[in-house]
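S.K.: Quick one: structure below, then a few questions.
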């Protein structure tokens, strides 16, 4: 489930291979239906006009959020796509796949711009730094990796989780990175120092984590169906 940046639209992915859209008025928008298989993830573009989806058919698809029409289809992964995100300027997309790679795409043409290898297992989530210059990836190899998008170089491997890492979120100021793991923890990392600064225990497997747009809250969704919310202000302290 994801909310557009302006809060005007909400989307949810289903095991039926459909993304459902709603407007803030409660009115349903167009349904985005994949041709084959399930959709693992979906995200709005920064302007809310497009949606990118990740599917087990190995494709990254871009859709018009108003009409429901498919705009482009990015092909290159060798296994199902598990996570997708737009860059902050909306010009690029990143995808995480069961083939162990992270790929960068041109959001307008669908052309592949780069492929990042290094993870030792499938990659489940990606997140762009607010500056758009860094990318973080979360993997079942129990690590989070940071990538420099201008050079394609791996900047750091963040180790600390003792289970697969599922989801990532940068704080709005870009100083912290939160990661959600199946080891029952949310871990907070200092981006500049590239080290863990805090571990938050959560019973069960943590599936999703996100900072609020103002950076004041940190939320995590658990496999038992519960959501935990923390005051992120003290978490942001040096």
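Derivation of every value follows stated rules applied to the coordinates shown; laboratory data play no part. Predicted model, so just to flag it, every value in this text is computed and none were measured. Counting neighbours? That spans all protein chains shown, and the Cβs are built from the backbone with ideal geometry, glycine included.
S.K.: Considering only the range 184-203, I want to know if a residue exists there that is in contact (Cβ under 8 Å) with a residue 24 or more places away in the chain and touching a helix residue (DSSP H, G or I) at 6+ places or on another chain (Cβ under 7 Å).
M.R.: yes
S.K.: Something else about it: If I ask for residues that are farther than 12 Å from residue 19 by Cα and surrounded by 15 or more Cβ atoms within 10 Å (Cβ to Cβ), which ones from the range 30-48 would you list?
M.R.: Residues satisfying the conditions are 45, 46, 48.
S.K.: I'm trying to understand the selection: among the residues of the range 137-156, which are under 15 Å from residue 115 (Cα atoms), without any contact (Cβ under 8 Å) to a residue 40 or more places away in the chain and assigned to a loop (DSSP other than H, G, I, E, B)?
M.R.: Scanning the range 137-156 gives 150, 151, 152, 153.
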